[in-house]
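A.B. asks: The structure's right below; bear with me while I get my questions together.
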Amino acid sequence: MTQQQALAVRGGRVICPRTGIDEVADLHIERGRIAAVGPGGPPAPEAVIDATGMVVCPGLIDLHVHLREPGAEHKETIESGTRAAVRGGFTRVCAMPNTTPAPDRPATVREIRGRIRRSAWCRVGVIGAATLDNDRESLTDFGALKAAGCVAVSDDAFMLRTAEQRREALLRCADEDLLFITHAEAEELSRDGVMHDGDMARRLGVPGQHPAAEARALEAWREAWDGPGRPPLHVAHLSTAAGVAVLREWEDGPTAETAPHYLALTHEAVAEHGANAKMNPPLRTEEDRRALIGAVRDGTISVIATDHAPHTAEEKAAGVARAPFGVVGLETALSVVLAELVEPGILTLPEALATMTAAPAGLLGVEGGRLAVGAPADLLIFAPDARWTVRPERFASMGRNTPFAGRELPAAVEAVLIDGRSVYAGGRFAAAGPPAGIN
Ligand SMILES: [Zn+2]
């Protein structure tokens, strides 16, 4: 792939939540970096993208993605998962550590990063496993994981069990200036539950997860932190009103994310979509959904992340009781967020985009997520007024397990640039293959 020396993106609505830009303007790119916003770029750029009628914003950043490689390449690979990311407007994703082997030692982290360098279509941060072999017993060497390139540490899918582990994990993260991303679920309240414990679970005749499971786990994390200031903690996929309440009253508490499906759907969706609406934590009630929207609005939840979790059609065909947890989300996230938060007037478009650009970039401490002069030209260009219908068979992801199948949604991704190079445009991926040198 050739790198354009000078490129102009002309006439789009340029939105950067971080710098506050929101105006129809030209964006000038030189040598992969943003050279100017507004008039006054090079007089004759070598290439021009006409973005009239489009939104031009920082490429989206996803803190929570399950790429499945290594170990479960029949569900997704780094290549297919990052294609799905780019198709959904993302230029950076973070890979959760529930792979086999897990990124629990520097050698494995390096091996996984090698795979990413060879086959990823976007930037990928590796999140280190909190315990060795994800055994939930022995904490990993967080400092060594960070030195090997991990961007955070997480117990997602393999939660820490004890107060002592939680305390030690936070202390180590504070020492290493690392973020701990936790899956907050008190198993004594959720064990064996396959969906939200409510009238829908009873109607379907399947065991439920008590709604207090999340809040109980968050209380345990609060007890584990007695350090000064904010704990180096980020709460993954917040799903309940009770969880929101704990975070609201936790002064200088952790940051939190929720996923588009919790903002759009309730446990009622399981009746219609079966196992394709089964994830952990589960879809909750309308009251929970409204509380999450309120929490995004007031900043208690600053990040929206997909928890993209592909499974095969055969696995999901096992039904609500037995199918594995998880839904795909990379290719619908932007549209669902716009449909649920921007179209009803809950957030402005820049506010909604902040949850998927500036906010996750800030938590990761990465350069992207903003359209400032000198920043890498990682860009998303999308048509805000387009409408499309979700057809899972057209996903770039190998996973088809979405609860949004058949739904009409706003906004279509037109182009994605990474380091100023076009990776995806007009429905096509760059013929030269995954961009080199970005990971
Ligand atoms: Zn999780």
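A.B. asks: Under the condition of being acidic (D, E) and within 16 Å of the ligand (Cβ to nearest atom), which residue from region 154-170 is farthest from S422 (Cα to Cα)?
C.D. replies: Looking only at region 154-170, we keep the residues that are acidic (D, E), and these are 155-156, 164, 168.
With the extra rule that they be within 16 Å of the ligand (Cβ to nearest atom), the set shrinks to 155-156.
Values: D155: 35, D156: 33 Å.
Once the filter is applied, the top-ranked residue is D155.
A.B. asks: Picking from G81, G38, G32, G89, which residue would you name as being more than 16 Å from the ligand (Cβ to nearest atom), buried (at least 24 other Cβ atoms within 10 Å of the Cβ) and on the phi > 0 side of the Ramachandran plot?
C.D. replies: Values: G81 fails: on the phi > 0 side of the Ramachandran plot; G38 fails: buried (at least 24 other Cβ atoms within 10 Å of the Cβ); G32 fails: buried (at least 24 other Cβ atoms within 10 Å of the Cβ).
Checking each option against the conditions leaves just G89.
A.B. asks: Still on this structure: Could you grab the pairs with beta carbons closer than 6 Å, sequence gap of 6+ or different chains, first residue in region 301-327 and under 18 Å from T77 (Cα atoms) and among the aliphatic types (A, V, I, L, M), second one within 16 Å of the ligand (Cβ to nearest atom) and modelled with pLDDT of 95 or more?
C.D. replies: Hits for this filter: A309/H66; A309/G326; V327/M279; V327/N401.
A.B. asks: Select from region 7-29 the residues that are acidic (D, E) and buried (at least 17 other Cβ atoms within 10 Å of the Cβ) and write down the one among them that is farthest from G374 (Cα to Cα). Give the derivation first.
C.D. replies: Quick first cut of region 7-29, residues acidic (D, E) only: 22-23, 26.
Retained after the next criterion (residues that are buried (at least 17 other Cβ atoms within 10 Å of the Cβ)): 22, 26.
Details: D22: 18, D26: 15 Å.
Here the answer is D22.
A.B. asks: In region 53-74, how many are buried (at least 24 other Cβ atoms within 10 Å of the Cβ) and within 21 Å of H311 (Cα to Cα)?
C.D. replies: The total comes to 7.
A.B. asks: Suppose we keep only residues that are over 18 Å from I304 (Cα atoms) and touching a residue at least 24 places away in the same chain (Cβ under 8 Å) within region 246-257. Which one would you say is surrounded by the most Cβ atoms within 10 Å (Cβ to Cβ)? Show your work before the answer.
C.D. replies: To start, the set of residues in region 246-257 that are over 18 Å from I304 (Cα atoms) comprises 246, 249-252.
Pick out the ones that are also touching a residue at least 24 places away in the same chain (Cβ under 8 Å) and you get 246, 250.
Values: V246: 24, W250: 17.
Checking each candidate, the answer is V246.
A.B. asks: Right, another one. Is it the case that region 111-118 has a residue that's in contact (Cβ under 8 Å) with a residue 12 or more places away in the chain and in a loop (DSSP other than H, G, I, E, B)?
C.D. replies: There is no residue in region 111-118 that is in contact (Cβ under 8 Å) with a residue 12 or more places away in the chain and in a loop (DSSP other than H, G, I, E, B).
A.B. asks: Which condition does L238 not pass, out of (1) away from the ligand (no atom under 16 Å from the Cβ); (2) under 23 Å from E331 (Cα atoms); (3) out of contact with any Lys or Arg (no Cβ under 8 Å at 6 or more places or on another chain), if it passes all the others?
C.D. replies: L238 satisfies every listed condition except (1).
A.B. asks: Taking region 262-292, which residues are under 17 Å from the mean Cα position of the chain (by Cα) and either without any contact (Cβ under 8 Å) to a residue 40 or more places away in the chain or in a helix (DSSP H, G or I) (or both)?
C.D. replies: Y262, L263, A264, L292 - these are the residues of region 262-292 that are under 17 Å from the mean Cα position of the chain (by Cα) and either without any contact (Cβ under 8 Å) to a residue 40 or more places away in the chain or in a helix (DSSP H, G or I) (or both).
A.B. asks: Of all the helices (runs of 4 or more DSSP H) wholly in region 294-389, which have at least 1 residues that are within 25 Å of G427 (Cβ to Cβ) and at pLDDT 95 or above? Give the steps one after another, and end with the answer.
C.D. replies: Values: elements: 313-316, 333-337, 349-354, 358-364.
Here the list reads 313-316, 333-337, 349-354.
A.B. asks: Restricting to region 130-148, and then to whatever is among the hydroxyl-bearing types (S, T, Y) and in a loop (DSSP other than H, G, I, E, B), can you tell me which residue is nearest to the ligand (Cβ to nearest atom)? Walk me through it before giving the result.
C.D. replies: The initial filter retains those residues of region 130-148 that are among the hydroxyl-bearing types (S, T, Y), namely 131, 138, 140.
After this cut, where a residue has to be in a loop (DSSP other than H, G, I, E, B) as well, the list is 138, 140.
Values: S138: 20, T140: 18 Å.
By that ranking, first place goes to T140.
A.B. asks: Mind checking which residues of region 418-439 are aliphatic (A, V, I, L, M) and more than 14 Å from R87 (Cβ to Cβ)?
C.D. replies: Selection gives A431, A432, A436, I438.
A.B. asks: While we're here: Mind checking whether some residue in region 64-72 is more than 26 Å from A256 (Cβ to Cβ), touching a residue at least 40 places away in the same chain (Cβ under 8 Å) and out of contact with any strand residue (DSSP E or B) (no Cβ under 7 Å at 6 or more places or on another chain)? Talk me through it step by step, then tell me what you get.
C.D. replies: Of region 64-72, the ones more than 26 Å from A256 (Cβ to Cβ) are 69-72.
Checking the rest, the ones that are also touching a residue at least 40 places away in the same chain (Cβ under 8 Å) come to 69-70.
This time we only want the ones that are out of contact with any strand residue (DSSP E or B) (no Cβ under 7 Å at 6 or more places or on another chain), so: 69-70.
Scanning region 64-72 turns up at least one residue that is more than 26 Å from A256 (Cβ to Cβ), touching a residue at least 40 places away in the same chain (Cβ under 8 Å) and out of contact with any strand residue (DSSP E or B) (no Cβ under 7 Å at 6 or more places or on another chain).
A.B. asks: Quick test for you: out of I127, I112, I181, pick the one residue that is more than 16 Å from the ligand (Cβ to nearest atom) and either of a type in the set (A, V, I, L, M, F, W, C) or surrounded by fewer than 20 Cβ atoms within 10 Å (Cβ to Cβ) (or both). Working first, answer last.
C.D. replies: On the way: I127 fails: more than 16 Å from the ligand (Cβ to nearest atom); I181 fails: more than 16 Å from the ligand (Cβ to nearest atom).
The match here is I112.
A.B. asks: Test of understanding: among V151, V206, which residue is under 22 Å from R322 (Cβ atoms), more than 16 Å from the ligand (Cβ to nearest atom), buried (at least 19 other Cβ atoms within 10 Å of the Cβ) and assigned by TED's automatic domain parsing to the domain that holds P103?
C.D. replies: The unique qualifying residue is V206.
A.B. asks: Across region 154-169, what is the number of residues that are surrounded by 21 or more Cβ atoms within 10 Å (Cβ to Cβ) and either under 22 Å from the mean Cα position of the chain (by Cα) or part of a loop (DSSP other than H, G, I, E, B) (or both)? Talk me through it step by step, then tell me what you get.
C.D. replies: In the first step, residues of region 154-169 are kept if they are surrounded by 21 or more Cβ atoms within 10 Å (Cβ to Cβ); the result is 154-156, 160, 166, 169.
Now drop any that are not either under 22 Å from the mean Cα position of the chain (by Cα) or part of a loop (DSSP other than H, G, I, E, B) (or both), which leaves 154-156, 160.
Residues meeting the conditions: 4.
A.B. asks: Scan region 286-330 for residues that are away from the ligand (no atom under 16 Å from the Cβ), over 20 Å from D192 (Cβ atoms) and of a type in the set (V, I, T) and jot them down.
C.D. replies: I293, V296, T300, T312 - these are the residues of region 286-330 that are away from the ligand (no atom under 16 Å from the Cβ), over 20 Å from D192 (Cβ atoms) and of a type in the set (V, I, T).
The values are calculated or read from the model by the stated rules, or taken from the named source; none is laboratory data. Just so it is clear, the model here is predicted, and its values are computed rather than measured. As a convention, Cβ positions derive from the backbone with ideal geometry for all residues, glycine included, and neighbour counts pool all protein chains shown.
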